[in-house]
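The values are calculated or read from the model by the stated rules, or taken from the named source; none is laboratory data. This structure is a prediction, so every number in the text was calculated from the model and none was measured. Counting neighbours? That spans all protein chains shown, and the Cβs are built from the backbone with ideal geometry, glycine included. Keep in mind that these areas ignore ligands, DNA and RNA; they rest on the heavy atoms of the full protein, side chains included. Shrake-Rupley method; radii C 1.70, N 1.55, O 1.52, S 1.80 Å.
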Amino acid sequence: MKASADRGLIAPTDWKRPSVKWTARLAHGVLLAGVAIAGLGPMLWLLKAAVTPTQDTLRTPMAFWPNGFDFANLAEAWTRVEIDKYFLNTVALAAGSWAVQLVVAATGGYALAVLRPRIGRYVSGAVLATLFVPSVVLLVPLYLTVLDPPLVGTSMLNTFWAVWLPAGASAFNVLLMQRFFANLPRELFEAARVDGAGPYRVFWSIVLPMSRPIIGVVSVFAVIASWKDFLWPMLVLPDPALQPLSVRLPVLQQFVELDVFLAALAISSLIPIGLFLVFQRLFLNGASLSGALKG
């Protein structure tokens, strides 16, 4: 184990040489700076442009406020572009999609990993197979289903249900939950059954409290995916009053100034970033659990 841990591109003896050590550190620093610029650069520029007048952004896009700040862009974007209304629509869509995905993923993963029905292996294979189907292929049949849903008798177009219900069909989240639940100690389930706990009691009192890390991971995935979704909300929510930020902002671009539009983009981008920063501990802890990723 120790010999395999010492293996690398640079041998331990070479690390003791000053020239190798400082060259490697310089390469690491350059690589880290490049990754930081590529990842944070566009977002930092957007934040800068959000409080910069349009003429300054067009003439010197990389300059730092040559003629001062213009914080009125943020207020104008919130009122004139009606960011507040579309922001509430986005929050409602994200919250509903999160709830539906969490319920489907948790119950589906519990049934396949803990209850283990006889056809569970085939159901897992079928769920896994859906990951290889391009989402564009399912667009037309899914739209027709939403347009004339069976048993409901009325169209779900221009309702949030048209976004919430299809969001629950996330095979990735179901399999992620299944892998995590499969690695929980089964002795706890057997002891609970001996004490008289049924499947619902085991799920609510044992499985869910032990699954906070993976619930955090699925929650972040669900909210961010819903927040940035464009095509499906545009199709099933043709009413502008119901559309989220991702759909409405591109339409409003031609009616507002560049600085106001960039301020609106900055406001809409800060929410998922803040969400990740708040829940980053749960996200990173859940993503690092080998039990959630190994079969």
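Hey, with R₀ at 41 Å, roughly what FRET efficiency would F64 and L138 work out to, going by the Cβ-Cβ distance, to 0.05?
Given R0 = 41 Å and the Cβ-Cβ separation, E is 0.35.
Give the relative contact order (percent, whole number) for segment 81-252; include only Cα pairs under 8 Å separated by 6+ residues.
For segment 81-252, the relative contact order is 42 percent.
Give me the log10 of I(q) over I(0) for the chain at q = 0.07, 0.12, 0.14, 0.16 Å⁻¹, as the Debye formula computes it from C-alpha points; what are the numbers?
Each listed q corresponds, in turn, to -0.42, -1.00, -1.14, -1.25.
With 18 Å as the cut-off, how large is the P(r) tail for segment 11-69, expressed as percent of Cα-Cα pairs?
Of all Cα-Cα distances in segment 11-69, 56 percent exceed 18 Å.
Using helices alone, what [θ] at 222 nm do you get for the chain, with -39,500 (n - 2.57) per DSSP H run of 4 or more residues, divided over all residues and rounded to the nearest 500?
Working: 18 runs with 199 residues, N = 295.
Value at 222 nm, helices only: -20500 deg cm²/dmol.
Work out which helices of the chain, taken as complete DSSP H runs, extend at least 18 Å along their axis over the Cα atoms and score a mean Kyte-Doolittle of 0.0 or more, then list them.
Taking the DSSP H segments of the chain (at least 18 Å long, mean hydropathy at least 0.0), we get 18-50, 83-110, 212-228, 258-278.
Principal axes first, then extents: for the Cα atoms of segment 81-252, list largest minus smallest coordinate on each axis, whole Å, largest first.
60, 32, 30
In the chain, what percent of the accessible surface is made up of carbon and sulfur (1.4 Å probe, ligands and nucleic acids excluded)?
Working: 12430 of 17910 Å².
Exposed carbon and sulfur together represent 69 percent of the surface.
What FRET efficiency, computed as 1/(1 + (r/R0)^6) with R0 = 25 Å and r the Cβ-Cβ distance, is obtained for Q253 and L40, rounded to the nearest 0.05?
0.55
Going Cα to Cα from K21, which aspartates and glutamates come in below 18 Å? Please leave out same-chain ones fewer than 8 positions away.
Of all the aspartates and glutamates, those that pass the test against K21 - Cα under 18 Å, at least 8 places apart if same chain - are D6.
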